[in-house]
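See below for the structure under consideration.
The values are calculated or read from the model by the stated rules, or taken from the named source; none is laboratory data. Note that this is a predicted model, so its numbers are computed, not measured. Counting neighbours? That spans all protein chains shown, and the Cβs are built from the backbone with ideal geometry, glycine included.
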Amino acid sequence: EALGTPSATPEMLREKMAGKGGKREKDSGLINNLDSLLTSVIENKAREKGVTYPELSDTKRHGVRKTILAKVLVKNRMREIWIETFEPDIAYQFKRLGEKRATVWLGGQVIPDKSRVNGFYFHPATILIYNNRNEPAGLVQVTVEKISRDVEYYNKYGLMTPNRWFIRGKIIDYRSGT
């Protein structure tokens with residue numbers, strides 16, 4: 001199963017724009033506009049398929065950190081990663097998918113954390129799930145191993161707001177709560 005990697009980094013876009021008359025140093029606004037437009041198109045297509053986008057501000061309520069409602073252990077090629085959520089809808093999907101030991105696309109915002117086995121985790125408020133009938137855009141499909149090799153890149157770049165990356169994996173364990 002071949003997974004796509006980002007076809008263009010911001011540096012590559014700047015180079016391309018410079019070759020088409022764009023300004024090398026002052027084209028970041030143009031790049032940001034292109035990124036925003038692409039992000040908007042992807043989010044609208046995902047919403048048409050029923051994907052929801054929790055807000056990062058939802059991770060705290062009245063100054064108190066939200067509780068992890070559920071987590072799944074996902075096997076992505078030869079690596080495993082726990083993916084957690086604060087969101088009741090996602091927790092319900094985790095339970096249902098865990099019972100089936102389903103293979104799905106899961107992802108979210110990459111957060112560097114050297115204390116974790118893979119050096120990162122997906123932010124619990126940004127988790128999205130794609131089933132086998134749908135899949136995320138090829139540009140955001142990646143493996144745990146690739147993210148682990150350059151966590152800062154995957155934290156800083158990507159599509160959607162906030163940046164999200166997706167792995168395809170089999171859910172091999174489900175746990176309710178923390």
Residues satisfying the stated conditions in region 113-129, i.e. in a strand (DSSP E or B) and touching a Pro at 6+ places or on another chain (Cβ under 7 Å):
PHE120
Count - residues of region 105-122 that are in contact (Cβ under 8 Å) with a residue 60 or more places away in the chain and in contact with an Asp or Glu (Cβ under 9 Å, 6 or more places away or on another chain)
1
Which numbered condition VAL41 fails, given (1) at pLDDT 70 or above; (2) touching an Asp or Glu at 6+ places or on another chain (Cβ under 9 Å); (3) not aromatic (Phe, Trp, Tyr); (4) not in a strand (DSSP E or B)
(2)
Give me the residue from region 150-178 that is basic (Lys, Arg) and surrounded by 19 or more Cβ atoms within 10 Å (Cβ to Cβ) and, out of that set, modelled with the highest pLDDT.
ARG168
